[in-house]
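K.L.:
After the C-alpha cells below, expect a handful of questions from me.
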Amino acid sequence: MRVGTLVELSENINEKFEELRLLGMECCQLLSWNEDYFTEEMAERVKEATKKHKVDVTAFWCGWPGPKTWDFYDGQLTLGLIPKEFRNARLKTLLHGSDFARKMHIRDFVTHVGYLPENPYDKNYKEVIEALKQLANRCKTNGQNFLFETGQETPVTLLRAIEDIGSDNLGINLDPANLIMYGKANPIDSLEVFGKYVLGIHGKDGLYPTDGRRLGREVSLGMGRVNYPVLIQRLKEIGYSGDITIEREISGDEQTKDIIAAKELLEKLINDNEMII
C-alpha cells in the first residue's frame, strides 16, 4: 500500500503534481467537478505532467453538475443520480468523464451515486440501477473499473446495487470517514459485507452525527472514530494492495499540515507488522 492524496484538476496541474512530490508522495486520485476541463488538451497536459513528475494517477474522481447539499435532508433531493430532474444531465457528464479518464489512461473511475434507496422495490432504485448499468458499460468499454464512493448508502444497499448491476468491472472506493459521518456503518465492519469489492481507499476521519439533519464532522486523521490501526490490519488480511488516498476537506496551511501528519501515521501503520487483537 502506498499513501497519496487527492489532487484537483486545474490549469496549474503541473504545479499541483510538483507539490505532491514535495510532500513525498508519488500517487494520487485526480478530482474534478468542472466538465469544461474534460478536453483533449487537458488530458495531454495531465499525461505530460505525470511523466515529468513521475506521478501515478490511480483514479479519476468525477463530479456532476447541479446543486449539491451534503446533509440528510436536502442531500436526498440533490446528490448524485438519485434526483430524477438531474439524472440525465449528470449521467451525460459522467459518461463524458469516463471518456476523459480513458484519454489520460486512468484505470478507476469514481463518483458519489447519492442516497441509494434501501428498498429494492422502490421505483427510483430500479431507475438508478438502469442508469448505472449504462455508466458501468461505458467504463468497461474504456477499460475502467467503476467505483462507488461510500457514504450515502448502507453497505448492504451498496452490495445489492453492485449485484443488481451485474457487471464485472464494479468496485468500491471506501471512504471510512463517510460511513461514520453519514451514520451508515462502522467502516471496519463494512469490510465483512463488501470487502472483496474494495479497490480504493480514502484516508479521512470523522465523527458520528449528533442530530438528524447534519452529517458528522470531518476531523484530522487519527482524531476521529475511524480505528485506523484495526482498519489497516483488516485491509491487509483481505489482501488489499491498492493505495490510500488522503482526503482532508479544508484548505490552506492547515490542510497541508494535516495531510503530512496523516501520511506519517498511515505509513507507520502500513509498515507495522504487529497484530492487533
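K.L.:
Give the aspartates and glutamates whose C-alpha is closer than 16 Å to that of residue 184, dropping any in the same chain fewer than 8 places away, or say none.
P.N.:
71, 118, 149, 153, 175, 192, 205, 211, 218
K.L.:
Please work out whether the stretch 1-83 counts as rounded, prolate or oblate from its C-alpha gyration tensor, where a ≥ b ≥ c are the square roots of the eigenvalues and a/c under 1.5 means rounded, while otherwise a/b larger than b/c means prolate and anything else oblate?
P.N.:
prolate
K.L.:
Under a point-charge model restricted to the Cβ atoms of Lys and Arg (+1) and Asp and Glu (-1), what is the dipole moment magnitude of the chain relative to its Cα centre, in debye to the nearest 20?
P.N.:
500
K.L.:
Starting from the Cα-Cα distance between residue 214 and residue 267, subtract it from 0.36 nm times their residue separation and give me the gain in nm to one decimal.
P.N.:
Residue separation times 0.36 nm, minus the Cα-Cα distance, leaves 15.9 nm.
K.L.:
Do any GluC sites (Glu not before Pro) in the stretch 156-249 lie in a DSSP loop with no more than 13 other beta carbon atoms within 10 Å, and if so, which?
P.N.:
Passing sites in the stretch 156-249 are 249.
K.L.:
Given a Förster radius of 45 Å and the C-beta distance between residue 10 and residue 123 as r, what FRET efficiency does 1/(1 + (r/R0)^6) yield to the nearest 0.05?
P.N.:
With a Förster radius of 45 Å, E is 0.70.
K.L.:
With a cut-off of at most 11 other beta carbons within 10 Å, and DSSP calling the residue loop, which chymotrypsin sites (Phe, Trp or Tyr not before Pro) in the stretch 81-163 qualify? Please list them.
P.N.:
Answer in residue order: 121.
K.L.:
Mind giving me the FRET efficiency for residue 19 and residue 99? R0 is 35 Å, r the Cβ-Cβ distance, nearest 0.05 is fine.
P.N.:
0.80
K.L.:
Which residue, chosen from 121, 199, 266, occupies the Cα position most advanced towards the positive end of the dipole of the chain, where the dipole is computed from +1 (Lys, Arg) and -1 (Asp, Glu) charges on Cβ about the Cα centre?
P.N.:
121
K.L.:
Sticking with this structure for a sec: When the chain is fully extended, how far beyond the present Cα-Cα distance does residue 71 get from residue 51, taking 0.36 nm per residue of separation?
P.N.:
Result for the pair: 3.3 nm of gain on full extension.
K.L.:
For residue 140, list the aspartates and glutamates whose Cα falls under 17 Å from its own Cα; do not include residues on the same chain fewer than 8 positions away.
P.N.:
99, 108, 130, 163, 164, 168
K.L.:
Ignoring the sites themselves, what is the longest stretch of the chain with no trypsin sites (Lys or Arg not before Pro) in a DSSP loop and at most 11 other beta-carbon atoms within 10 Å?
P.N.:
No qualifying site falls inside 55-212, the longest such stretch.
K.L.:
Please work out the Cα center distance from the stretch 211-259 to the stretch 152-204, rounded to the nearest Å.
P.N.:
Cα centroid of the stretch 211-259 versus Cα centroid of the stretch 152-204: 15 Å apart.
K.L.:
I've got another one for you. Between residue 141 and residue 88, what is the FRET efficiency for a Förster distance of 25 Å, r being their Cβ-Cβ separation, to the nearest 0.05?
P.N.:
The computed FRET efficiency comes out at 0.80.
K.L.:
Would you mind checking the pairs 51/133; 196/257; 92/133; 84/126; 133/196 and listing those with alpha carbons more than 22 angstrom apart?
P.N.:
In this structure, 51/133; 196/257 lie more than 22 Å apart at Cα.
K.L.:
Can you tell me the mean projection area, over all orientations, of the convex hull of the chain's alpha carbons? Units nm², please.
P.N.:
About 13.9 nm², averaged over all directions.
K.L.:
Treating the Cα atoms of the stretch 157-277 as identical point scatterers in vacuum, please give the log10 of the normalised Debye intensity I(q)/I(0) at q = 0.16, 0.21 Å⁻¹, two decimals.
P.N.:
So the normalised log intensities are -0.80, -1.25.
Each value in this text was obtained by applying a stated rule to the coordinates, not by laboratory testing. Note that this is a predicted model, so its numbers are computed, not measured. In this analysis, Cβ positions are derived from the backbone assuming ideal geometry, glycine residues included, and neighbour counts consider all displayed protein chains.
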